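The values are calculated or read from the model by the stated rules, or taken from the named source; none is laboratory data. As the structure is a prediction and not an experimental result, all values here were calculated from the model. FYI the Cβ positions are ideal-geometry reconstructions off the backbone, even for glycines, and counts take in every protein chain you see.
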């Protein structure tokens, strides 16, 4: 008993079949990909807001020891390294490790006295475009705006 397999002449995929597969992949990416990227952007915004909330608490702890917030020159670095001449009053570190950059890889902007909040310090991220201003995902994310909106009962999305 012998087994003989007959193989047909197989020529592979046609150009039309290959184009159809690429079209389906592109269609799936267009439908699903944009929502995935939007979710990633939303996650970065939420992470930025969470980091700034942590900085706010650390800055408040610093203020309890010194009576004032760090100057612009001292910056957020004063939360984990004592500014020169303040070692005897500094009870830090107020934050674990070095100050992280925002989720887009840019240092946070800290100013005291603030230019935008007027009565406090400014603390913000430059957003995805890493430049002042912008809208949407490129908008700057301000700690003071978030605090103002909470005080007014307004919750931004």
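So the values come out like this:
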quantity: Hits in segment 117-129 - residues which are in contact (Cβ under 8 Å) with a residue 24 or more places away in the chain and under 19 Å from residue 74 (Cβ atoms); calculated: 117, 120, 121, 123, 124
quantity: Residue within segment 37-44 that is within 30 Å of residue 141 (Cβ to Cβ), surrounded by 13 or more Cβ atoms within 10 Å (Cβ to Cβ), at pLDDT 80 or above and in contact with a strand residue (DSSP E or B) (Cβ under 8 Å, 6 or more places away or on another chain) present; calculated: no
quantity: Residue, nearest to residue 58 (Cα to Cα), within segment 122-137, restricted to residues that are out of contact with any helix residue (DSSP H, G or I) (no Cβ under 7 Å at 6 or more places or on another chain) and part of a loop (DSSP other than H, G, I, E, B); calculated: 126
quantity: Single residue of segment 105-128 satisfying the filter (surrounded by fewer than 17 Cβ atoms within 10 Å (Cβ to Cβ) and modelled with pLDDT of 90 or more) that is nearest to residue 70 (Cα to Cα); calculated: 111
quantity: Restricting segment 86-97 to residues that are surrounded by 14 or more Cβ atoms within 10 Å (Cβ to Cβ) and free of Cβ contacts under 8 Å to residues at least 24 places away in the same chain, the residue that is farthest from the chain's Cα centre (by Cα); calculated: 86
quantity: Members of segment 58-76 found to be more than 17 Å from residue 114 (Cα to Cα) and exposed (fewer than 11 other Cβ atoms within 10 Å of the Cβ), listed by number; calculated: 64
quantity: Condition check for residue 31: in a helix (DSSP H, G or I) and at pLDDT below 90; calculated: yes
quantity: The listed residue being closer than 15 Å to residue 56 by Cα, touching a residue at least 24 places away in the same chain (Cβ under 8 Å), part of a loop (DSSP other than H, G, I, E, B) and within 19 Å of the chain's Cα centre (by Cα), out of 70, 100; calculated: 100
quantity: Flag if residue 83 is free of Cβ contacts under 8 Å to residues at least 24 places away in the same chain and surrounded by 15 or more Cβ atoms within 10 Å (Cβ to Cβ); calculated: yes
quantity: Enumeration of residues in segment 103-121 that are within 18 Å of the chain's Cα centre (by Cα) and part of a loop (DSSP other than H, G, I, E, B); calculated: 103, 104, 105, 106, 107, 108
